[in-house]
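Here's the structure, in structure tokens; my notes come after.
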There are 2 protein chains.
Amino acid sequence: MTPALSVPAVGAPFERTMIERRDLGGHDVMIEIHFCGICHSDLHQVNDEWGGALFPMVPGHEIAGVVTAVGDSVRSVAVGDRVGVGCLVDSCGECRHCLAGEEQHCLAPAVPTYNGVGYDGEPTYGGYSRHIVVRDRFVVHIPAAIELADAAPLLCAGITTFAPLRRWQVGEGTRLLVVGLGGLGHLAVKIACAMGAEVSVLSRTLAKRADSVRFGASRCLASDDSDALGQLAGHFDLILNTVSGGTDIDQLLGLLAVDGTLVTLGAPPQPLQVSPFALIVGRRSLAGSVIGGIAATQQMLDFCAEHGILPETEVISAADVGEAYARVARGEVRYRSVIDLATIADQAALAAPAAEGLAVLDG
Amino acid sequence: MTPALSVPAVGAPFERTMIERRDLGGHDVMIEIHFCGICHSDLHQVNDEWGGALFPMVPGHEIAGVVTAVGDSVRSVAVGDRVGVGCLVDSCGECRHCLAGEEQHCLAPAVPTYNGVGYDGEPTYGGYSRHIVVRDRFVVHIPAAIELADAAPLLCAGITTFAPLRRWQVGEGTRLLVVGLGGLGHLAVKIACAMGAEVSVLSRTLAKRADSVRFGASRCLASDDSDALGQLAGHFDLILNTVSGGTDIDQLLGLLAVDGTLVTLGAPPQPLQVSPFALIVGRRSLAGSVIGGIAATQQMLDFCAEHGILPETEVISAADVGEAYARVARGEVRYRSVIDLATIADQAALAAPAAEGLAVLDG
């Protein structure tokens with residue numbers, strides 16, 4: 001048993017509960033979670049905006065911690081290693097996508113870290129919890145240069161932006177527009193700048209202009225500044241849209257050069273509206289991208305360590321998750337809330353039934 | 001003066017009129033038009049469905065004929081040559097897209113063959129006419145293996161399908177789905193088969209199954225056959241959507257493999273509805289493509305000649321254009337109506353005021 005923050009039903013507030021993690025199998029790794037980021041998709045899922053949500057739900061797929069035990073067959077990590085877990089905890093390992101290191105496209109399909117069902121038929125519970133047991137293939141190493149609290153947001157927001165930047169070959173001189181400067185957006189700016197891109201930011205207002213510049217962007221635009229946007233018609237090679245809804249897709253497509261691509265990373269439940277002309281004129285593309293493979297996640301962490309890229313985080317205690325969700329929904333977080341899971345263990349330990357189980361796990 | 005089929009106002013029927021073509025400049029080519037195809041976009045334009053239509057309008061951008069005169073500086077064609085003109089009649093020639101041979105993306109922008117305004121400020125009139133004067137750069141050679149009536153549809157429908165097949169690197173074994181078996185679709189099937197693709201056709205019904213097979217497709221699917229479509233989820237590398245409206249984009253995206261692309265070629269005035277998930281899951285793209293450059297148009301003609309690819313045409317007389325439009329709108333044409341412009345010259349010559357001008361031109 002390990003303490004967790006759990007949502008019992010759609011829209012209900014978080015509760016501190018005790019959950020079971022499976023017994024350690026030969027290829028399993030037990031991790032004491034130190035920090036877990038709050039991703040915008042966590043809000044979508046606890047509110048069942050994507051359908052099919054499973055309750056009780058323990059969100060969290062930006063997990064950073066330390067290995068406390070490993071199964072007999074584990075060779076890739078050892079007790080005491082600083083490790084991370086992202087959005088996936090299992091995949092078939094045999095399909096062409098798994099073999100290509102793109103587990104996110106596993107045909108089985110892959111098992112999400114939470115709000116999913118494992119191949120053993122058991123529901124998966126995420127990182128808003130003190131411990132987790134994860135198959136070794138899905139555990140990545142956190143480089144020494146990155147603190148655990150900083151590593152957490154990289155496990156989803158980092159790979160979600162790094163992967164499309166690589167897929168669409170961002171490099172020296174690429175003209176990139178990042179739409180939305182939140183958890184994803186601010187990492188997209190930092191990573192793309194390190195890749196050599198000329199990065200612009202499109203935000204609702206200019207309130208984050210100074211931050212944009214600090215992160216490396218050369219230009220910050222407000223989405224209602226039609227003059228400035230008009231001057232940039234046809235300018236960008238690539239646009240990463242990190243905003244979850246309400247964007248004018250045709251307006252963004254109009255900012256793309258010939259053969260340019262608008263990649264949507266957010267997943268609002270509402271359909272996007274696209275004018276065929278906005279695609280046809282300029283042979284433009286509207287694409288989607290979702291997280292990335294495990295090998296790419298490790299590459300991303302190593303890239304961030306090498307280039308000194310860190311997310312901007314606000315560390316909160318477990319008791320403040322409900323408030324943090326409200327702030328995420330209002331777009332107030334600068335730029336990622338990260339839960340300090342040590343605070344959940346303290347509080348849960350006050351509850352007598354849980355104390356014994358915890359003592360065993362923490363030993 | 002030369003006879004033409006002209007629409008005086010939005011939605012009005014065709015009239016036989018006399019129009020002026022400009023005096024032959026140094027780089028101009030005068031062509032006696034033998035045949036001109038009826039493209040679905042002609043219907044969109046005479047009905048002003050895309051906005052900004054200019055009347056009177058003489059449609060037609062699938063032009064095949066014979067050179068009757070050339071300007072002093074013309075070297076690329078000579079009197080008597082069998083030539084074609086597609087959707088463009090001019091471009092700046094200096095921007096990066098023109099220099100790359102992609103005049104359709106000219107930044108000036110390019111001048112459409114009709115329903116446009118030339119760089120001289122004069123409206124452009126298309127190929128439903130006996131003669132046209134076109135700048136030499138926009139005149140392509142029709143290979144000897146292709147009859148003029150067969151060449152006409154290639155100048156728009158051919159290049160509109162050939163260009164995206166090349167852009168998205170269709171080759172041996174590519175799994176291609178062609179949506180809609182009309183003027184564009186039937187050429188897409190023939191060209192893609194010659195490129196080595198495994199081609200399937202998605203149509204409203206199975207009425208065109210035998211034709212699909214005759215054109216080279218290995219599979220014909222009805223769009224309401226959800227069982228068959230379900231079995232093909234994730235199957236295709238590329239989908240060319242040649243249908244002008246009413247397609248379920250999310251359904252099509254679901255048929256794409258990881259990294260697959262759905263290319264929309266039609267341009268309905270209504271926006272497309274796209275679920276972000278349909279793009280994100282499988283990192284799929286929705287793209288557009290519009291015609292192709294002049295060099296690619298010549299390559300397409302040569303490719304068709306080499307591989308024996310010909311459109312299926314119905315040759316009609318100038319007097320029957322109104323009826324042909326109604327048949328195009330109802331999807332009844334198998335597979336392209338082509339106007340025999342000799343029939344317009346005969347009829348127009350009966351009108352006394354026009355006879356003199358014609359005699360000069362035909363001399």
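Key figures
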read-out	value
The range B:1-28 versus the range A:157-234: alpha-carbon centroid distance in Å	49 Å
Which of A:Arg327, A:Arg96, A:Arg16 is most accessible, then next, and so on - probe 1.4 Å	A:Arg96, A:Arg16, A:Arg327
With DNA, RNA and ligands ignored, accessible area of B:Val79 (1.4 Å probe; Å², nearest 10)	90 Å²
For chain B, calculated [θ]222 nm from helices alone, where every DSSP H run of n ≥ 4 adds -39500 (n - 2.57)	-7500 deg cm²/dmol
Residue-averaged beta-carbon neighbours from other chains (10 angstrom radius) around B:252-260	2
Cα shape, the range B:232-300, gyration tensor, a/c 1.5 rule	oblate
Residue mean of other protein chain beta carbons inside 10 Å, A:264-273	5
Loop sites in the range A:75-105: GluC sites (Glu not before Pro), DSSP, at most 13 other Cβ within 10 Å	A:Glu94
Accessible area expressed per residue, chain B, with surrounding protein chains retained (probe 1.4 Å, Å²)	38 Å²
Only Lys, Arg (+1) and Asp, Glu (-1) charged, at Cβ; the range A:157-288 dipole about Cα centre in debye	340 debye
Accessible heavy-atom area order of A:Ser73, B:Ser129, highest first, probe of 1.4 Å	A:Ser73, B:Ser129
Length gained when the stretch A:Gln251-A:Glu323 is fully extended (0.36 nm per residue, less Cα-Cα span)	22.5 nm
Gaussian network model of chain A, Cα within-10 Å springs - most flexible of A:Val83, A:Val117, A:Val58	A:Val117
Carbon/sulfur fraction of accessible area - the range B:157-288, other protein chains in place, 1.4 Å, %	47 percent
Label-point gap, in nm, between A:Leu54 and A:Ala207 - each point 7 angstrom along Cα→Cβ	3.7 nm
Estimated dipole of chain A in Debye, rounded to 20 [Cβ of Lys and Arg +1, of Asp and Glu -1, Cα centre]	840 debye
For the range B:150-287, with +1 on Lys and Arg beta carbons and -1 on Asp and Glu, the positive-most of B:Leu256, B:Thr161, B:Val274 along the dipole	B:Thr161
10 Å Cβ neighbours from other chains, averaged over peptide A:283-296	5
Phi to ³J(HN,Hα) by Karplus 6.51 cos²θ - 1.76 cosθ + 1.60 over the range B:131-141, Hz, x for Gly, Pro	9, 8, 10, 9, 4, 4, 4, 9, 10, 10, 8
Buried area at the A-B interface (accessible, heavy atoms, 1.4 Å probe, summed, Å²)	2900 Å²
Distance from the range A:33-106 to the range B:102-150 (C-alpha centre basis), Å	57 Å
Cα gyration tensor category, rounded, prolate or oblate, for the range A:1-144 with a/c compared to 1.5	oblate
Solvent-accessible area of B:Asp259 with every protein chain in place, 1.4 Å probe, in Å² to the nearest 10	60 Å²
Selection from A:Tyr128, B:Gly182, B:Val79, by position along the positive dipole direction of the protein assembly as shown (Cβ)	B:Val79
Sequence of A:Leu206, A:Leu265 when ordered by accessible area, the most exposed leading, probe 1.4 angstrom	A:Leu206, A:Leu265
Overall form of the range B:157-288 per C-alpha gyration tensor (a/c, 1.5; a/b vs b/c)	rounded
Selection of chymotrypsin sites (Phe, Trp or Tyr not before Pro), the range B:98-144, meeting DSSP coil and at most 16 other Cβ within 10 Å	B:Tyr119
Amide H contacts of B:Leu286 (H built 1.01 Å from N, under 5 Å, at least 5 apart or other chain)	A:Leu286, A:Ala287, B:Leu262
A:Ala78-A:Gln270 pseudo-label distance in nm [points 7 Å out on the Cα-to-Cβ vector]	5.4 nm
Of B:Val134, B:Val77, B:Val281, the one that fluctuates the most in a GNM where chain B has Cα springs shorter than 10 Å	B:Val281
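The values are calculated or read from the model by the stated rules, or taken from the named source; none is laboratory data. Just so we're clear, the structure is a prediction, and the values are computed from it rather than from any experiment. Virtual Cβ from ideal backbone geometry, glycine too; neighbours counted across all protein chains shown. The area values use the complete protein model at the heavy-atom level, side chains included, leaving out ligands, DNA and RNA. Shrake-Rupley method; radii C 1.70, N 1.55, O 1.52, S 1.80 Å.
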